[in-house]
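The values are calculated or read from the model by the stated rules, or taken from the named source; none is laboratory data. Treat the numbers as computed from the prediction; the structure is a model and nothing was measured. Glycine gets a Cβ as well: all are built from the backbone with ideal geometry, and neighbour counts include every protein chain shown. Areas reflect the complete protein model, heavy atoms only, side chains present, ligands, DNA and RNA absent. Shrake-Rupley method; radii C 1.70, N 1.55, O 1.52, S 1.80 Å.
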Amino acid sequence: MSISVAIAYHSGYGHTARQAQAVAAGAASVPGVAVALHDIAALDEALWQALADAEAIIFGTPTYMGSQSAVFQAFAEASGQVWAQQGWRDKIAAGFTTSAGVNGDKLNTLSSLAVFAAQHGMHWVSLGLPPGWLYTTGGDAEDLNRLGGFLGAMAQAPSDAGPDEAPATADLRTAEHLGRRVAQVAVELRHGRLVGAA
């Protein structure tokens, strides 16, 4: 039976949707993993059931005014019934975000996503990459993790560039890395649980 990875995201202008697609491609590259994208703007029963069935949930949101979007926050607050039943306890979690600014206070958004996952009793998976680009004089704008985040995947999309132009290729490759890493952790965790049960 395949391992289910759900990507629960909101995208205001299409940039975070491109990042979500890259995360999905990374997760789908791991054998035995099935991936589904879920736009959390529609809070319907199908969404809640898909997230209940997933072994890993990767959360994504744009960073607006230094925090997650209002749409994502509405989703987080609506998950209170799931929390009351501990429905996501021991699932794997991770996160990604996009903003127009190079910094854009994306770390605050990722921190909020990690706390949200912790409140649900989930296991957070970090990006697992060293910083690239300006971290050393030999860095390059095409480096993975060029924005130097650790908690999750960060992407930058200029405010006057459409989703066909941004985020940058390096940021999308970083998102793909995050998806692959989460899927690999999900495979390892299931294997360990099966061994433990035997």
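Could you say whether any residue in the stretch 62-77 is hydroxyl-bearing (Ser, Thr, Tyr), touching a Leu at 6+ places or on another chain (Cβ under 8 Å) and surrounded by 15 or more Cβ atoms within 10 Å (Cβ to Cβ)? No, the stretch 62-77 contains no residue that is hydroxyl-bearing (Ser, Thr, Tyr), touching a Leu at 6+ places or on another chain (Cβ under 8 Å) and surrounded by 15 or more Cβ atoms within 10 Å (Cβ to Cβ). Applying the selection to the stretch 136-160, what residues are surrounded by 14 or more Cβ atoms within 10 Å (Cβ to Cβ) and either on the phi > 0 side of the Ramachandran plot or touching a residue at least 40 places away in the same chain (Cβ under 8 Å) (or both)? Across the stretch 136-160, the qualifying residues are Asn145, Leu147, Gly148, Gly149, Leu151, Gly152, Ala153, Met154, Ala155, Gln156, Ala157, Pro158. Within the stretch 142-162, the set of residues being assigned to a loop (DSSP other than H, G, I, E, B) and under 27 Å from Ser4 (Cα atoms) comprises Leu144, Asn145, Gly149, Phe150, Leu151, Gly152.
Among residues of the stretch 90-107 being among the aliphatic types (A, V, I, L, M) and modelled with pLDDT of 95 or more, the one that is surrounded by the fewest Cβ atoms within 10 Å (Cβ to Cβ) is Ala100. The residue list Glu176, Glu188 contains one member that is free of Cβ contacts under 8 Å to residues at least 24 places away in the same chain, out of contact with any Lys or Arg (no Cβ under 9 Å at 6 or more places or on another chain), open to solvent by 40 Å² or more (accessible area, probe 1.4 Å) and not in a loop (DSSP other than H, G, I, E, B), which is Glu188. For residues in the stretch 108-135 being polar (S, T, N, Q) and either open to solvent by 30 Å² or more (accessible area, probe 1.4 Å) or in contact with a Cys (Cβ under 7 Å, 6 or more places away or on another chain) (or both), which is nearest to Gln85 (Cα to Cα)? By that ranking, first place goes to Gln119. Residues that are assigned to a loop (DSSP other than H, G, I, E, B) and open to solvent by 30 Å² or more (accessible area, probe 1.4 Å) were ranked within the stretch 1-10; the one that is farthest from Ala94 (Cα to Cα) is Met1. Among the residues of the stretch 104-119, those identified as in contact with a Gly (Cβ under 8 Å, 6 or more places away or on another chain) and not basic (Lys, Arg) are Gly104, Asp105, Leu107, Asn108, Thr109, Leu110, Leu113, Ala114, Ala117. What number of residues within the stretch 14-57 satisfy the criterion of being outside any helix (DSSP H, G or I), crowded, with 16+ Cβ neighbours inside 10 Å and touching a residue at least 40 places away in the same chain (Cβ under 8 Å)? Counting residues in the stretch 14-57 that are outside any helix (DSSP H, G or I), crowded, with 16+ Cβ neighbours inside 10 Å and touching a residue at least 40 places away in the same chain (Cβ under 8 Å) gives 7. Within the stretch 78-89, track down each residue that is outside any loop (DSSP other than H, G, I, E, B), open to solvent by less than 50 Å² (accessible area, probe 1.4 Å) and of a type outside the set (A, V, I, L, M). Selection gives Gly80 alone.
Inspect the stretch 29-47 for any residue being aliphatic (A, V, I, L, M), out of contact with any helix residue (DSSP H, G or I) (no Cβ under 9 Å at 6 or more places or on another chain) and over 21 Å from Glu165 (Cα atoms) and give the result as yes or no. The answer is yes, given that some residue of the stretch 29-47 is aliphatic (A, V, I, L, M), out of contact with any helix residue (DSSP H, G or I) (no Cβ under 9 Å at 6 or more places or on another chain) and over 21 Å from Glu165 (Cα atoms). Here Ala183 meets the list (1) open to solvent by 30 Å² or more (accessible area, probe 1.4 Å); (2) touching a helix residue (DSSP H, G or I) at 6+ places or on another chain (Cβ under 7 Å) almost entirely, failing just condition (1).
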